[in-house]
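> If you scroll down you'll find the structure; I have some questions about it.
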Amino acid sequence: MGRIFYLMGKSASGKDTLYKRLKKERPELQSLIVYTTRPMREGEKQGVEYYFISMQELKNFQKAGRVIEVRTYQTMTGSWSYATIDDGKLDEKVDYLAIGTLDSFEKIKNYFHEGTVIPLYLEIEDGLRLERALRREHLQKSPDYAELCRRYLADENDFSSEKLKKSGISRIYKNDDLEKCVNEIIKDHFSDFN
């Protein structure tokens, strides 16, 4: 099995931006795209950031036994689910890049062979993270600041230092400087690609 490099971090920690940069720097990495029932945001495209599906479609995948992991969040606008699905698209001979949560990382790590799933945990200063989240939400047609606040507070628990330690994550990539962060990740994990 190839490796799955798994980007994680609190909301607005720069996961999407770093994901795009790593894909540009290492185009041989394939995308492991997660399925979601949440509404598509401005600028997102089907099959690029996520596969956007209905709750019924997710239930159909579950009945077929194809769900590797699923998380459901009670948001200010209803339940949103995110799932990694064994959809037959994974090639065991290639390396993947994915974005997820600490919980999904644990479940995917347990599903695949030991050492296959490599954590890339991002962290930025909380004030900067909140500024980024506000800017991103402000660009939406219908900003949902209550949901932004819910996510921000939930992340404090979801990514606590105790949970990071329990998951075996000891390396933290500071994403206050994108170039430095990209270079550190490449140096730590992708030097064997050259």
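The values are calculated or read from the model by the stated rules, or taken from the named source; none is laboratory data. Everything numeric here is computed off the predicted structure, so don't read it as measured data. Glycine also receives a Cβ, built like all others from the backbone with ideal geometry; neighbour counts cover every protein chain displayed.
> Mind counting the residues in the stretch 15-43 that are surrounded by 13 or more Cβ atoms within 10 Å (Cβ to Cβ), among the charged types (D, E, K, R) and closer than 23 Å to R136 by Cα?
6
> So which strands (runs of 3 or more DSSP E) are wholly in the stretch 67-186 and hold at least 2 residues that are crowded, with 17+ Cβ neighbours inside 10 Å and at pLDDT 90 or above?
Details: elements: 67-75, 78-85, 96-99, 117-123, 172-174.
Once the strands (runs of 3 or more DSSP E) in the stretch 67-186 are filtered for at least 2 residues that are crowded, with 17+ Cβ neighbours inside 10 Å and at pLDDT 90 or above, what remains is 67-75, 78-85, 96-99, 117-123.
> Would you point out the residue of the stretch 161-193, among those that are under 17 Å from the mean Cα position of the chain (by Cα) and of a type in the set (S, T, N, Q), that is farthest from P27 (Cα to Cα)?
Only one residue tops the list, namely S167.
> What are the residue pairs meeting all of these: first residue in the stretch 165-194, first residue more than 16 Å from G115 (Cα to Cα), second residue part of a loop (DSSP other than H, G, I, E, B) and of a type in the set (V, I, T), Cβ atoms under 9 Å, and 6 or more apart or on different chains?
K174/I124; N175/I124; D176/I124
> Of everything in the stretch 1-51, what is part of a helix (DSSP H, G or I) and either in contact (Cβ under 8 Å) with a residue 40 or more places away in the chain or farther than 27 Å from K174 by Cβ (or both)? Give them in sequence order.
Across the stretch 1-51, the qualifying residues are K15, D16, T17, L18, Y19, R21, L22, K23, E25.
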